[in-house]
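The values are calculated or read from the model by the stated rules, or taken from the named source; none is laboratory data. From a predicted model like this one, the values you see are computed outputs, not experimental measurements. Neighbour counts run over all protein chains shown; Cβ positions are idealised from the backbone, glycine included.
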Amino acid sequence: MKRFDDVAERVPGQTPETSRLSGTGSGTLGDGICFGGDYNPEQWPRETWAEDVELMVRAGVNLVTVGVFSWSTIEPSPGERRFEWLDEVLDLLHGSGIAVDLATPTASPPPWLGIRYPETLPVDRDGVRLAAGSRNHYSPASVVYREHARALAVDLARRYAKHPAVRLWHVGNEYGELDYGDEAAREFRGWLQRRYGSIEELNDAWGTAVWSQGYGSFDEVLPPRKAPYLINPAQSLDFRRYSSDQLLTCFREQRDAIRAAGATQPITTNFMGFFPPVDYWSWAGEVDVIADDQYPDPASPHAASDTALVQDLMRSLGDGRPWLLMEQAIGAVSWRKHNLPRSVDEARLNSLQAVARGADGVCFFQWRQARTGPERFHSALLPHAGADTEVFRGAERLGADLKRLRPVAGERVDARVGILFDWPSWWAAEEPARPTERHSTLEQLRRWYRVLWRHGVPADVVRPGADLRGYHVVLVPHSYLLEPRAADRLREAVSRSAQVVVGAFSGVADANAGILQGRFPVLLRDLVGVSGEEWMALPDEPTPLSLDAGWDAAPRGEHSASVLGERLRSDGADVLATFGDGPLAGHPAVTRNRHGAGAAWYLGAVVSDALLAAVLEAALHDAGIENALGGRVRPGKQLPDGLEVVRRGPALFLLNHGRDTAELELPATLHDLMTNERIDRATALAPGTALVLIEGRTT
Ligand code: GLA
């Protein structure tokens, strides 16, 4: 059996050997499921610390993140070190059995750094140098910033590498800073030089003959600063790649310093789901445990499925290994315009949802609600009003529930559906000046995923080009950039009998955002058996589609296309739906190209929800995909509205996010891990409640 602690021994930057931790209850960071949150004792008088720890114990907290924003407390003047308070805090926590995720406080430098070294402050695309007074005011390219951050990480690690409370290291916070200043320009040029070798290669890749942009040397190249009109999309794309890599350099420098100073615990940083600035595929192999911050908007009708998608992404980034929900809110956040809170029941449901989808820890921002500063109205496990509150009682209940989920820790979620997503493709697809800005990668990804979610089918999010063996269905909602290797993997999947479904406006461009020449999708034409010649925005009024009478699984009702359509012709694929009107009248809109037992489906438009569901359900059905309850997916037979069903190892999670009681048929009589109650085969789940079911009683 391999425990996460062993993973810390691996060489930084290499993906650890994956392991199946079956039914042992050995989670990411020790026994069972972690529970806790950000703890910022430096923001409070010492007198509160004992009360904090006492209440943490009461709530079942076993992991807290300490020190994320404590740089000015540790280093109030250049070179000074004040660690005594931290010694005391770590000892206090350890004395009560609470483990620490110790942070390098490098996301928020003290004011003196920017005053002494203005070049450490970032410059935005308008050329404005940002000031201190908030947080995140650093340039990832600044040598001086990086050196100060590294020095602090070294001293922290030297002091605490062997402290028994420290179970995890947390480098920086939510990496995502962008900088367009002169040091960034220098780093960007170096990055480009490494990528292209010569300026001629860069000119060629970027197509700089357009608008007289030909560069004579790398010294002439700038970040995409504010300019009179549209920026070269290849320049923007490379700047995004560079910016993600530059942040990764900052992370690595601190991580390697911590390791070199003798720390053996796992090292991580907190991701942010589908966060535009950072390509988490390239980061994933650099952290020892995937950790994520999740703040779904309670006002969104799709919050539950969108969050499930993020959670599946996190599991996938770690190759299926358990991950950590590092931050979420127990009630309201304070950074939206109108901060609808979630109830403690909803917070509980989302916490169980994370565990269902592979998390071995559920933490919150933050432990004690801030009295001062911009986040004073952000919820916390311990609110301003104290422990005699709904929220704190909710935290206690959650702590007790999570303790009962020990048998799930370390377990895996088995997904037979892969869904392609990649940051560079997303970046390139969102550049302005395209057929329509109404077409969004993330929105399409979420719509497609929602169909799976409503059927209780988990998916792995897959980086294009990755091995697709093991997937019986592969979905490609919108891969705007498609490289030959990724196209090959899709072809191989179909030849192994998989069902592959490709969405509109995919396979459009190469790695440098240049449009592939020829009838599209150039690299997939043979696979999908259709080819196209024109992409176009569709009118506001939905365009009707007519379904082929021979399509046996054709859904009932009226169907339409909107946003974007393609002028296609079939080169051998079965045409399942055709545009009934408008400039594309008579052209195929949905097709299927059979290859033995496999098939490649193609959508030549953004089709209405019901038709999208019908196509994906048919592909799932044809591939024999089962839902978490063990039944084969059947077209039109979704789970009750709002009900989420996930299997993780021996446990079946039922989560009712809906407004109605959900009635369902279980595969057997089971026991709820949280209450140990026997649950009959025909069961009903009240809104906002959850069951975590296993066979046999636990006590
Ligand atoms: C992020 C940060 C935290 C806090 C929360 C508030 O997740 O990491 O420091 O600001 O947002 O929601």
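A compact table of results
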item	result
Any pair with Cβ under 8 angstrom, 6 or more apart, that starts in the range 340-368 at a residue that is closer than 27 Å to LEU93 by Cα and β-branched (Val, Ile, Thr) and ends at one that is outside any helix (DSSP H, G or I) and within 14 Å of the ligand (Cβ to nearest atom)	VAL344/ILE330; VAL344/GLY331; VAL362/LEU325; VAL362/GLN328
Flag if ARG489 is among the charged types (D, E, K, R), more than 21 Å from the chain's Cα centre (by Cα), over 28 Å from ALA354 (Cβ atoms) and not in a loop (DSSP other than H, G, I, E, B)	yes
Helices (runs of 4 or more DSSP H) wholly inside the range 52-132 that include at least 1 residues being out of contact with any strand residue (DSSP E or B) (no Cβ under 6 Å at 6 or more places or on another chain) and within 16 Å of the ligand (Cβ to nearest atom)	71-74
Selection from the range 133-155 of residues that are among the charged types (D, E, K, R) and not in a helix (DSSP H, G or I)	ARG135
Enumeration of residues in the range 174-199 that are assigned to a helix (DSSP H, G or I) and aromatic (Phe, Trp, Tyr)	PHE188, TRP191, TYR196
Any chance ALA359 is at pLDDT 95 or above and either within 15 Å of the ligand (Cβ to nearest atom) or surrounded by 23 or more Cβ atoms within 10 Å (Cβ to Cβ) (or both)	yes
Single match in LEU247, LEU168 (criterion: within 16 Å of the ligand (Cβ to nearest atom), outside the structural domain of VAL289 (by TED's automatic domain parsing) and touching a Pro at 6+ places or on another chain (Cβ under 6 Å))	LEU247
Test result for TYR471, within 21 Å of ALA513 (Cα to Cα) and either surrounded by fewer than 24 Cβ atoms within 10 Å (Cβ to Cβ) or not aliphatic (A, V, I, L, M) (or both)	no
Per-region count, the range 207-262, residues under 32 Å from the mean Cα position of the chain (by Cα) and among the polar types (S, T, N, Q)	8
Options GLY507, GLY532; residue that is in contact (Cβ under 8 Å) with a residue 24 or more places away in the chain, surrounded by 19 or more Cβ atoms within 10 Å (Cβ to Cβ) and in a strand (DSSP E or B)	GLY532
Number of positions in the range 279-293 that are surrounded by fewer than 23 Cβ atoms within 10 Å (Cβ to Cβ) and within 14 Å of the ligand (Cβ to nearest atom)	1
The range 133-146, residues that are polar (S, T, N, Q) and more than 16 Å from the ligand (Cβ to nearest atom)	SER139, SER142
Residue within the range 120-137 that is buried (at least 16 other Cβ atoms within 10 Å of the Cβ), of a type in the set (A, V, I, L, M, F, W, C) and within 17 Å of THR65 (Cβ to Cβ) present	no
Answer residue from the range 261-274, given it is away from the ligand (no atom under 11 Å from the Cβ), among the hydrophobic types (A, V, I, L, M, F, W, C) and assigned to a loop (DSSP other than H, G, I, E, B) and is nearest to GLY176 (Cα to Cα) among those	PHE274
Test set (1) small (Gly, Ala, Ser); (2) touching a helix residue (DSSP H, G or I) at 6+ places or on another chain (Cβ under 8 Å); (3) surrounded by 20 or more Cβ atoms within 10 Å (Cβ to Cβ) - ALA107 fails condition number	(2)
